[in-house]
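Enquirer: Once you've had a glance at the structure underneath, I'll fire off some questions.
Here, each number is a calculation from the coordinates, and none is a lab measurement. Values in this document were obtained by computation on a predicted structure and should not be read as measured data. No Cβ is skipped: glycine too gets one built from the backbone with ideal geometry, and neighbour counts run over all protein chains shown.
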Amino acid sequence: MNTAARHAKIIGDANYLAHRYDEVADGFRFVHVPRDVHRNCTFITDEHLPNVARYELISRADLAELPVQTAPVHFIFHSAYCCSTMMARAFDIPGVSMGLKEPVILNDMVGWRRRGADNQKLMAVLDKSLELLARPMGDDRAVIIKPSNICTPLAIPALKLRPQSKALLLYAPLESYLQSIVKKEMWGRIWVRDVLIGTMKDGYAMGGFSTEDLLRLTDLQVAAIGWLSQHAAFSKIVETIGSNRVMTLDSDTFLANQADTMRSLNQFFTLEMSDDQISQTLDGPAFNSHSKLDHTTPGTLFTAETRQEEQRQMAVVHGAEVEMVTAWAKAVAESQRIKLDISQSSSGNPF
């Protein structure tokens, strides 16, 4: 098989994931990731994929000559620790949709942007990246992309590039988010500082704090600043794109109303799932195993009750600190005019 035919075969087969963008070569790296591999990976990242070293590079110039069959593409943007991976797994429904869990190619766009990429070229490459990710598996009718939480700066550009696409903005309530951070102990506290550094690089960290002020904050206060910055960014996405294309949802509401949530998202994303398909999804592994554990092993259930029990355990040790930081963050939000309530009731999305 000659090179042109090989490239056409790869582009025509969504089992070849557009995994990375190589800005030096101005090309895309494709890795063979069949549906069962997607299903068994927590994320489709280098850490979890079995064969990332065996990629095939196709230049952007060569890709321009190849037709690409795409399906409608939609997004789940999120603030982390909000059941977004569970949600993405739920959209792995053969014949309906495929949920892509944190494709690294979008992280590449964020990293390139931070290094000063020319915006016109960045938008062209983002457009091609979205086109490649939108290739359907089999007879799927849609692709649902859950980017990494660092990809919030791409939300408005991506939705402008895809006027027919819609986005769910999924987030954990502030107190739940802080409880998730303390559960991760030192690593969670390091992670929130990394998040804030990235938010500052991306230009959407909330105002009101000098660098010296930020250095004086505790780890949980830093976590709250990151959460508030993300929340403000989500509000801007709704205002810019419009509530007809953007739905907001918090993880506590999602866990307590899983069936209603799936019915609403089925309509929102125009997936045309039958009641039986929705019931099968609710009874399937996405809603009955922990998305961050080995979900091929039985007994790793994760429910609203599981989450509440985890939070109760964290409150025994860290409850006073979480309560103080929550109250402090609410005062900060008021001073910076950041709306804490961006839930479905405020954006017109009924559940």
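Enquirer: Evaluate the charge dipole of the range 3-347 about its Cα centre and quote only its size in Debye, nearest 20, assuming +1 on the Cβ of each Lys and Arg and -1 on the Cβ of each Asp and Glu.
Expert: So the magnitude is around 660 debye.
Enquirer: Take every DSSP beta bridge whose two residues both sit in the chain, then give the antiparallel share in percent to the nearest 5.
Expert: 40
Enquirer: In nm, give the distance between the simple-model label positions of D139 and Q69, each being 7 Å from the Cα along the Cα-to-Cβ direction.
Expert: In this crude spin-label approximation the distance works out to 1.2 nm.
Enquirer: How much net charge surrounds L265 when only the other residues with a Cβ under 15 Å from the Cβ of L265 are counted, with Lys and Arg +1 and Asp and Glu -1?
Expert: Taking every other residue near L265 into account, the sum is +1.
Enquirer: Net charge near S279: determine it from the other residues with C-beta under 14 Å of the C-beta of S279, scoring Lys and Arg +1 and Asp and Glu -1.
Expert: So the environment of S279 carries a net charge of -3.
Enquirer: Follow-up. Can you pull out the GluC sites (Glu not before Pro) in the range 1-89 that DSSP calls coil and that have at most 14 other Cβ atoms within 10 Å?
Expert: Those that pass, being in a loop and sparsely packed, are E47, E65.
Enquirer: Could you give the nm distance between label points at N51 and S210, where each point is 7 Å from its Cα heading toward the beta carbon?
Expert: It is 5.6 nm.
Enquirer: Select from the chain the helices, each a whole stretch of DSSP H, whose alpha-carbon atoms run 18 Å or more along the helix axis and whose Kyte-Doolittle mean is at least 0.5; answer none if there are none.
Expert: Sorted by number, the helices that extend far enough and score high enough are 219-241.
Enquirer: If you take every residue apart from A53 with its C-beta less than 15 Å away from the C-beta of A53, what net charge results, scoring Lys and Arg +1 and Asp and Glu -1?
Expert: -1
Enquirer: So for the chain, averaging the separation of alpha carbon pairs under 8 Å that are six or more residues apart and normalising by length, what relative contact order in percent results?
Expert: It rounds to 18 percent for the chain.
Enquirer: Figure the gain on full extension for S59 and L340 (residue separation times 0.36 nm, minus the Cα-Cα span) and round it to one decimal in nm.
Expert: Full-extension gain reported as 96.7 nm.
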